[in-house]
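Worksheet: the structure to be examined is printed underneath.
The values are calculated or read from the model by the stated rules, or taken from the named source; none is laboratory data. None of these values were measured; they are calculated from a predicted model. For neighbour counting, all protein chains shown are included, and Cβ atoms are generated from backbone atoms with ideal geometry for every residue, glycine included. Remember, those area values only see protein heavy atoms, side chains included, never the ligands or the DNA or RNA. Shrake-Rupley method; radii C 1.70, N 1.55, O 1.52, S 1.80 Å.
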Amino acid sequence: MERVDVAIIGGGPAGSSAARTAAEQDAEALVVEKGVPRADRDGLGPDSTDAAGMLDYWVDLMGYDPEEIPDEIILSELDGAEFNGPSESATIRDTGIDSSWDGFGFAFHRARFDDWLREEAEAAGANYRIGTSVSGVDTRFENGDPVHRVTLADGAELEADALVLADGPQRTVTIDALDQFMAPDRSVAEYIAPDTANHIAYQEHRRIPEELFDPDLIKFWWGVMPGHTAYPWIFPNDDNVARVGLTMPIGMDIDDVDDREEYTLLDPEDDQIPPGKVYLERLLDWQYPDYDLEDFPLVEDRGKRGGTEAYPISSTRPIDSPTYANVAVVGGAMGGTSAFHEGGDHVAVRTGKIAGRLAGTDALSRYNHEWRDALGDELLRNVTLAELARDMGPSDWDDTFRTTREMLDAEGSRYRQAAIAGLDGLSLLFRYKWLRRQLADGDYVQLHESEYAL
Ligand SMILES: Cc1cc2nc3c(=O)[nH]c(=O)nc-3n(C[C@H](O)[C@H](O)[C@H](O)COP(=O)(O)OP(=O)(O)OC[C@H]3O[C@@H](n4cnc5c(N)ncnc54)[C@H](O)[C@@H]3O)c2cc1C
């Protein structure tokens, strides 16, 4: 039977990054990627979630020098983000975190990004098997050492000393693979089941009329549709094309929504939560009342299919990995909440890089410690912000953005800014700090390594 040092399930940013660093340690690394067709890529590749924005300091978190990012990946250089409530807004021009990237960030071509990461991994010596899914993993221990048998949908099998689970938010392999190490009456699905821990994201590539197109700003609207961390966005790309998209919880019941009339994108006649397509039509109609939908034509040769795409997106806290079994869960598969969910591509790349390097040097036992060390502050901030937003309704979002704007307009320290913004500013700052402290002691991680039973 084929035997490799490190088997990596999934060839997205996390999987390719793991493959690269494992191969750089001279380990035999194999990526198994099911392979997805896309309108904008020749041949099968990873399921590139084409909604890609990178903030300045994320480049450092990924461990890249800005010079290393190929130009053809970048679609638009950003100089800020606009956060809108139903009637208030705040624009930030600075992430407030030191970084080596010059500028606020960039919007990028996700399929090209993924293909670049694959090229880097292959150049380091990693191998890819694309076009067949992994159907399961069976782990046994031989003389105390784990051996992972990976079964593919075409019936082929291979064995590996170390296993990196990089199958993204659907966790098609991760849940069963990890359940081998849970107590018999427990399952990691309690924490990361796709139908409860994930949101659905829908997006359309549309050409924006020249006079409306703003290439420098990513725009978000909060408190205009119901659901925790449910929001629409407009991301500028190149050539006057923008990705107009949204994310929302799966299976929400409109009868559970309080104060329905306060949500701008709900209609009084709605008898169920509208599909993403309808929400986006309403967003464009609301924002650009002098234009018709036909003025924003779909760009059908972009994205996954016909200029549109739907993806799952993780919206939960991260989990630890059972590293004593030589297993690391990375990227979207491990969860990690943020305004962009899953912690984003930077978390995928960095956790993948750490896992691959450690797996390639037989030191995977350090994985949980190292990813927390590298990304703990980022994930703690994201989880805290998601908690802060948990019960917020439309008017709370307006209050938050008004206060944030007043704080941004004031000069000086955060406390001075908060004081100038009045009681609302102080309460916002103190609520954030209080929540952050509650979660700081590792509680932003929802399943700790010690809870694995084996
Ligand atoms: C709509 C949307 C908007 C987003 N916006 C941003 C953003 O602006 N900025 C940002 O940084 N992040 C953003 N993200 C998040 C980002 O896309 C993820 O964090 C990132 O894709 C995670 O990378 P990953 O490698 O862990 O998983 P994925 O990219 O999901 O890759 C997992 C791979 O595993 C493969 N796979 C799954 N099951 C199997 C199997 N059984 N066998 C073989 N292969 C398998 C899949 O085909 C896929 O290629 C967004 C996500 C969505 C959905």
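Nonpolar atom fraction for segment 1-151, defined as the carbon and sulfur part of the 1.4 Å probe accessible area, stands at 39 percent. When shorter helices are ignored and each DSSP H run of at least 4 residues is given -39500 (n - 2.57), the per-residue value for the chain at 222 nm works out to -9500 deg cm²/dmol.
Going by the alpha-carbon gyration tensor, a ≥ b ≥ c the square roots of its eigenvalues, is segment 1-156 rounded (a/c under 1.5) or, if a/c is not under 1.5, prolate (a/b greater than b/c) versus oblate? Verdict is prolate for segment 1-156. Taking the full set of protein chains and a 1.4 angstrom probe, give the accessible area of E119 in square angstrom, rounded to the nearest 10. E119 exposes around 120 Å² with every protein chain in place. Accessible surface of segment 384-440, 1.4 Å probe: 53 percent of it comes from carbon and sulfur atoms. The largest accessible area among H369, H148 belongs to the first residue in H369, H148, and the rest follow in falling order (1.4 Å probe, all chains). Here the Karplus curve 6.51 cos²θ - 1.76 cosθ + 1.60, taken at θ = phi - 60°, turns the phi angles of segment 303-316 into couplings of x, 7, 7, x, x, 10, 7, 10, 9, x, 9, 6, 9, 8 Hz, with x standing for Gly and Pro. Here r is the Cβ-Cβ distance between E122 and L423 and R0 is 60 Å; the resulting FRET efficiency, rounded to 0.05, is 0.60. Over all distinct Cα-Cα pairs of segment 75-135, the Kirkwood formula returns a hydrodynamic radius of 15.4 Å.
Candidate cross-link partners of K34 among the lysines, defined by an alpha-carbon separation under 17 Å and a same-chain spacing of 8 or more, comprise K304. Computed from point charges on the beta carbon alone (+1 for Lys and Arg, -1 for Asp and Glu), the dipole magnitude for the chain about its Cα centre is near 1100 Debye.
Against the chain, whose longest principal axis comes from its Cα atoms, helix 345-360 is set at around 10 degrees. Please label the shape of segment 384-440 as rounded, prolate or oblate, based on the square roots a ≥ b ≥ c of the eigenvalues of the alpha-carbon gyration tensor (a/c under 1.5 means rounded; beyond that, a/b larger than b/c means prolate, else oblate). Since a/c reaches 1.5 but b/c is at least a/b, the shape of segment 384-440 is classed as oblate. In the frame of its principal axes, the chain has Cα extents of 67, 47, 47 Å, reported largest first. Over segment 155-308, what percent of the accessible surface lies on carbon and sulfur atoms, probe 1.4 Å? Carbon and sulfur together cover 44 percent of it. What does the C-alpha gyration tensor say about the overall shape of segment 248-345? Classify as rounded when a/c is under 1.5, otherwise prolate if a/b is larger than b/c, or oblate. Taking the square roots of the gyration eigenvalues as a ≥ b ≥ c, segment 248-345 is oblate. Accessible surface comparison of L298, L55, probe 1.4 Å, protein chains only, largest first: the order is L298, L55. Rolling a 1.4 Å probe across the protein heavy atoms gives the chain an accessible surface of 42 Å² per residue.
For the pair D391 and V147 in one chain, pulling the backbone fully straight at 0.36 nm per residue adds 83.3 nm over the alpha carbon distance.
Sites listed here are trypsin sites (Lys or Arg not before Pro) in segment 362-454 whose DSSP assignment is loop and whose Cβ has at most 15 other Cβ atoms within 10 Å: R390.
Using a probe of 1.4 Å, the accessible surface attributed to S314 totals some 0 Å² when neighbouring protein chains are kept in position.
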